[in-house]
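No value in this document is a laboratory result; all are computed from the given coordinates. None of the values given here were measured: they were computed from a predicted structure. Counting neighbours? That spans all protein chains shown, and the Cβs are built from the backbone with ideal geometry, glycine included.
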Amino acid sequence: MKRVLVTGANGQLGTCIKDAAVGFTNLECVFATKSELNIADKDSVENYFEKNHFDYCINTAAYTNVEKAESEEEQAFLINAEAAKHLAKTCKKHDVVLLHVSTDYVFDGTKNEPYIETDITNPINVYGASKLKGEAYIQKLCEKHFIVRTSWLYSQYGHNFLNSMMKYAEQGKPLTITTEQTGTPTNANDLAQVLLKCVDSNKDGYGLYHFSNSGKATWYDFAKEILEQTGLIEKTKLAQTDYYRTFAKRPVYSILNTSKIENVVGVKTIDWKESLKALLAPKNNTLH
C-alpha cells in the first residue's frame, strides 16, 4: 500500500482529495493541516518527514489570493516558492515523489490557442510569478515530481467563484461580471481524482502537465451557467462588462491543452458545464 501525504488538508483541494481518496483503497492518505505541518517552516517539514514514512506527497498548500498577492508579495513567494523549495529538497532526501499544483497564470495570455506544457511562461502578476518560481525549484531539486497546472478552480468547499455567485444571488444582489478573460472553470473534485490517479497509476511519467475541465468560458459565462443551473438567475440581476478594475493583471486567454496528461496518465477530461452540473445536482434538489 502506498502512503501519501497531503499538505494543506483543510483547503479546497485538500478537502476534495479527502473525499476522492475513499475510492482509492490501495492508498493510505495522511492529511496534514497547516497547524500540523507548516510547509513554510523548513524545520517543521524536515521533522515531519523524519518521523513519518511516505511514498508520495501531494502539495495542495498555497497562497491563492491573486488580488492580495500584489500587496503581499513576500508572503506569496514564501508559500508558493520558498516552501515548495523546502518540500522538494525534503522529498528528494527521503525518496518521496512530489505532486505539486500550479496555475494557468504562469502565462501572459497573449496566445489564442490552448497552452501546452512547453510554451514560454511569462506571468503578469505576483501570484503567477510566485507559482512559476515554485515550479522551477521543484524541477531543479526533485526529479521525481509531477507538476500539474490547472485553471479557475472551484468546488462545494471554501471561498471560490461558485460559492460567491450562489451566496450573492440568494441575497438578491445584482451581479456585474467581466467578459475580459477566457479560460476553463475546473471542478477541484476532478483535479483531486487526477492527482490520486497519478499516484495510483504506477507510471513513472514524471514531469509537467496541464489539467482542467474541457471547453471555454468567460467569468460572465461561468456566472450565467451557475445561476441558470441552480435557478438562482431569477433572484438576481446579472450583467456583463468588458472592463472590471482589479489590482492584479490577469491573462486575457489561459485555456490549457490537456492532451499530455490524458495520454500519459490516462485521464479523461469532462466538459466544464457537465462537471458543474454533476456537482450542483444535490444542491439543485434542495433549492427547488
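In table form, for the structure just shown:
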read-out: Acute angle (nearest 10 degrees) that the helix 219-230 long axis makes with the longest principal axis of the chain, alpha-carbon atoms; value: 80 degrees
read-out: CD proxy at 222 nm, helix term only [per DSSP H run n ≥ 4: -39500 (n - 2.57); per residue of the chain; nearest 500]; value: -11500 deg cm²/dmol
read-out: Of LYS2/LYS216; LYS203/LYS273; LYS111/LYS144; LYS203/LYS249; LYS167/LYS216, those spanning more than 32 Å from alpha-carbon to alpha-carbon; value: LYS2/LYS216; LYS203/LYS249
read-out: Dimensionless Rg ratio for region 11-141, taking C-alpha atoms and the 2.2 N^0.38 Å reference; value: 1.11
read-out: Alpha-carbon spread of region 122-237, three principal axes, descending order, Å; value: 52, 33, 24
read-out: Bridge type composition, the chain - antiparallel percent by DSSP, nearest 5; value: 5 percent
read-out: Region 1-58 - convex hull of the alpha-carbon atoms, volume per residue in Å³; value: 69 Å³
read-out: Gyration tensor verdict on region 26-68 (Cα atoms; rounded if a/c is under 1.5, prolate if a/b is larger than b/c, oblate otherwise); value: oblate
read-out: In nm, spacing of pseudo-spin labels at PHE161 and GLU234 (7 Å Cα→C-beta vector); value: 2.6 nm
read-out: Other-chain or far-sequence residues with amide H under 5 Å of THR241's (modelled H); value: ILE177, THR178, THR179
read-out: Tilt relative to the chain, helix 83-93 - C-alpha long axis, 0 to 90 degrees, to 10; value: 40 degrees
read-out: At 1.306 mPa s and 10 °C, Stokes D of region 129-178 from Kirkwood alpha-carbon radius, µm² per second; value: 113 µm²/s
read-out: For the chain, fraction of C-alpha pairs farther apart than 23 Å, in %; value: 54 percent
read-out: Least to most buried among LEU87, LEU98 (fewest other Cβ within 10 Å first); value: LEU98, LEU87
read-out: R0 of 41 Å, Cβ-Cβ distance THR25-PHE247: FRET efficiency to nearest 0.05; value: 0.35
read-out: Anchor LYS140: lysines whose Cα lies under 17 Å away (excluding residues fewer than 8 positions away in-chain); value: LYS85, LYS89, LYS92, LYS93, LYS131
read-out: Label-point separation in nm, ALA278 to GLN75, each point 7 Å along Cα→Cβ; value: 3.5 nm
read-out: GNM flexibility winner over the chain from LEU27, LEU132, LEU99 (Cα, springs under 10 Å); value: LEU27
